[in-house]
Amino acid sequence: MKRAEFTILESTAVPLPLANIDTDQIIPARFLSATGREGFGNNLFRDWRYDADGNPVPGFVLNRPEFRGEILIAGSNFGCGSSREHAVWAITGHDFRAVVSDSFADIFMNNALNNGLLTVTVTPEFLAQLTGLITSKPETIVRVDLPGQVITVPGSGLQAGFPVNPFRKECLIKGLDNIDYLLSMKEDIMAFEKNRQA
Amino acid sequence: MSGKTLFDKIWDAHVVRSISGGPDVLYIDRHYIHEVTSPQAFNGLRQRGINIFRPERIIATSDHNIPTVNQHLPIADPVSRLQVETLEENCRAAGIRYYGMGDPRNGIVHVTGPEQGFTLPGMTIVCGDSHTSTHGAFGTIAFGIGTSEVEMVLATQCLLQTRPKQMRINVKGELHEGVTSKDLILHIIASLTAGGATGYFVEYAGEAVRKLSMESRMTVCNMSIEMGARGGLIAPDEVTFNWLAQIPSVSDNREFARLIHHWHSLRSDRGAGFEREVTFDASKVTPMITYGTSPGMGMAVNGVIPSPDYAGSSANGSYLRSLEYMGFKPGMKLLGHPIDYVFLGSCTNGRIEDLRLFTAAVAGKKKAAGVTALIVPGSQQVARQAEREGLTETLRLAGFEMRQPGCSSCLAMNEDKIPSGKYAVSTSNRNFEGRQGTGARTLLAGPLVAAAAAVTGKITDPRELVWNQ
């Protein structure tokens, strides 16, 4: 099945400079009982975003009108903890298309890329500069160029390359799906099974 | 570099095809599924009109959101009930073995899989659950996956995976009496940090690891993910083979002797290369407890909460925020701090050995007034064995009630929630904000520290509890 193609994204960004943001914060377990993929965006960062009575917490970044955009900028080890893909569905459900950090948890990164959410890994120094810039000037546009593997803040001189596995990159740019790829290899898989029994 | 690691040997035997510049197509021997991370995968396949490729390689259980009391009644919460019924229906339609609530083989997926003999050395094992690393204790490559990957495995019994880096953690020496495998792994994570093994698969080796029982090895491998590792594994040995020989479905296999012979080859060759090697001294490990909202924030139970030494960095704000959530300050001692809840259970510490340790420590004493204890066996089999061994009765006399199996308060998807602001000494694996209930304050520890807290009502060094008898 085709999914949205990812090439170049230009957007304002939302800074959340905390380390070790785990998937329980991204989407608390009590929202995992659903059997679909829709609707998780409303509960993204639920317990940071809303108080016990369901009222928005004024200081939290998603509740501050000056911070909007499709790029989330987070601290180290983003997405650690549970393998729940619901965390990615909550982030994409809130219309984010890329997350920038200096490190991501492995399972989260796989889940993100499988859903067309780009993880942009930069150095701690670049992350600190970018976070500082966005925090002081929320209207700043950030440009994520996947084919060129470069993230820039036009007009600021801030620019950095980022790594992407070439196979993953091609899948994202063309909007390809891993299941279709694996299904095309059924004969190889069955041959492998037969060989092992021999 | 000469020689292969244990990880290389298992991985290489499962590569269907390597994609140049990309990941490997990796064949999966065993796929465990549960109610929370599978429904969207089954839906996805239905939308594509694809059948389950190898249903005989899949084992299903309900564990995450089921109640731990009155399991003979229908689940009260309609959303949870629907999720469990959806799994049951998906399994029935596809011919997948399903061990639902109340079945004698039901329990937490990472407890029941090994005890039913579905986890065997040399396998590749996945599950839509990060604690799948538990199965690495048997010398397997076992790791957690997301729901899209669950769908891939249902469709093709394969995954696209990039070979991770490899780390070996050597533990020399011997654990002191009163120090458990949970203390060891909390000690290791505190040292390496919550993201310290990101990108790596870890092999645990050394004298102290060889001396651990299978249950203890599972506890260690279980928490590999809490330092960011994809998984952790331990080379199978006589301890492994003797454990497996107790399972009729495994030892009755006419091939068992031949399998053991093959399993002996599952070890890292001398000279095999690891990208990183770290050594720990087991004799330096003391009973541990966590004081923050990341599993890396652990210390000796009689220690002092450290002051952040990374002033100015973004980690500094996260650290102080974490302590504020817990109601603690740098420089504080936790010994004697009152607690409200104790949770014994989970895929980390819900096995028979954990129940034995906890029970031995509380036997003849009384649960402290004001402490609510949740004692949750990891499986029906563990519950039956605890009953047979008299543990259930000893616990009852000490004021503890045994619940029915499930994930329970580890992630509080069911009713077993810790109220906001309350302190819980928990033998589970994560102390994240709100993990055990909104506002709950989790202190991770092993079964002995949990037992000591349960009978004193405060954070206590379990070694003192024994000395004061």
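The values are calculated or read from the model by the stated rules, or taken from the named source; none is laboratory data. Please read all numbers here as calculations on a predicted model, not as lab measurements. Positions of Cβ are backbone-derived with ideal geometry, glycine not excepted, and every protein chain shown enters the neighbour counts. Just the protein is used for accessible areas: all its heavy atoms, side chains included, with ligands, DNA and RNA removed. Shrake-Rupley method; radii C 1.70, N 1.55, O 1.52, S 1.80 Å.
Looking only at region B:287-467, where both bridge partners belong to it, what percent of the DSSP beta bridges are antiparallel (to the nearest 5)?
The antiparallel proportion sits near 30 percent.
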### Residue-averaged beta-carbon neighbours from other chains (10 angstrom radius) around A:13-20
5
### Message
How shielded is A:100-108 by partner chains, expressed as the average number of their Cβ atoms within 10 Å of its Cβ atoms?
### Response
5
### Message
Are there any residues in region A:173-197 with a reduction of at least 40 Å² in accessible surface when going from the isolated chain to the assembly of protein chains? Probe 1.4 Å, please list them by number.
### Response
A:ILE179, A:TYR181, A:LEU182, A:LEU183, A:MET185, A:LYS186, A:ASP188, A:ILE189, A:PHE192, A:GLU193, A:ARG196
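What's the average, rounded to a whole number, of partner chain beta-carbon atoms within 10 Å of each residue's beta-carbon in B:193-200? Could the numbers behind the result be given before it?
Numbers: counts 4, 8, 10, 1, 1, 8, 5, 1.
The per-residue average across the peptide is 5.
Using Cα pairs closer than 8 Å and at least 6 residues apart in sequence, work out the relative contact order for region B:6-278, in percent.
Numbers: 524 pairs, mean separation 59.3, N = 273.
It rounds to 22 percent for region B:6-278.
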### Query
Of the heavy-atom accessible surface of the protein assembly as shown (probe 1.4 angstrom), what whole percent is carbon and sulfur?
51
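Sorted by mean Cβ packing within 10 Å, highest first, what order do the peptides A:187-193, B:300-306 take?
Values: A:187-193: 14.3, B:300-306: 17.4.
Result, highest mean Cβ count within 10 Å first: B:300-306, A:187-193.
Nothing charged except the Cβ atoms of Lys and Arg (+1) and of Asp and Glu (-1): what's the magnitude of the dipole of region A:8-197 about its Cα centre? Round to the nearest 20 debye.
It works out to roughly 100 debye.
Given R₀ = 51 Å, FRET efficiency for A:GLU125-B:ASP12 by Cβ-Cβ distance, to 0.05? List each step's numbers first, then the result.
Details: r = 38 Å, r/R0 = 0.75.
So the FRET efficiency works out to roughly 0.85.
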### Task
Considering only A:LYS137, A:LYS186, A:LYS174, give the residue with the highest GNM mean-square fluctuation for chain A, with springs between Cα atoms whenever their separation is below 10 Å.
A:LYS186
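Just to be sure I understand: if you take the accessible area of chain A alone plus chain B alone and subtract the pair, with a 1.4 Å probe, what total do you get in Å², rounded to 100? Can you show the working numbers first?
On the way: alone 10550 and 18430 Å², together 24160 Å².
By this definition, chains A and B bury close to 4800 Å².
Is it possible to state the helix-based mean residue ellipticity at 222 nm for chain B, with each DSSP H run of 4+ residues giving -39500 (n - 2.57), the sum divided by total residues, to the nearest 500 deg cm²/dmol? What is it?
Values: 18 runs with 156 residues, N = 469.
Result for chain B, helices only: -9000 deg cm²/dmol.
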### Query
For chain A, what is the mean residue ellipticity at 222 nm derived from helices alone (per DSSP H run of n ≥ 4: -39500 (n - 2.57); sum divided by total residues; nearest 500 deg cm²/dmol)?
-9000 deg cm²/dmol
### Query
In region B:206-231, which residues give up 50 Å² or more of accessible area once the other protein chains are added, compared with their chain alone (1.4 Å probe)?
B:ARG230
### Query
Given labels modelled 7 Å from the Cα in the Cβ direction, how far is it in nm from A:LYS194 to B:SER20?
2.6
## Note on the structure
Probe 1.4 Å, heavy atoms of protein chains only: per residue, the accessible area of chain A in Å² is 41
### Summary
Computed about the Cα centre, the charge dipole of the protein assembly as shown from +1 Lys/Arg and -1 Asp/Glu charges at the Cβ has a magnitude in debye, to the nearest 20, of 400
### Query
If you count, for each residue, the other Cβ atoms within 10 Å and average over each peptide, how do A:44-52, B:224-232, B:422-430 line up from highest to lowest?
B:224-232, B:422-430, A:44-52
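Per residue, how much accessible surface does chain B expose to a 1.4 Å probe? Answer in Å², no decimals.
34
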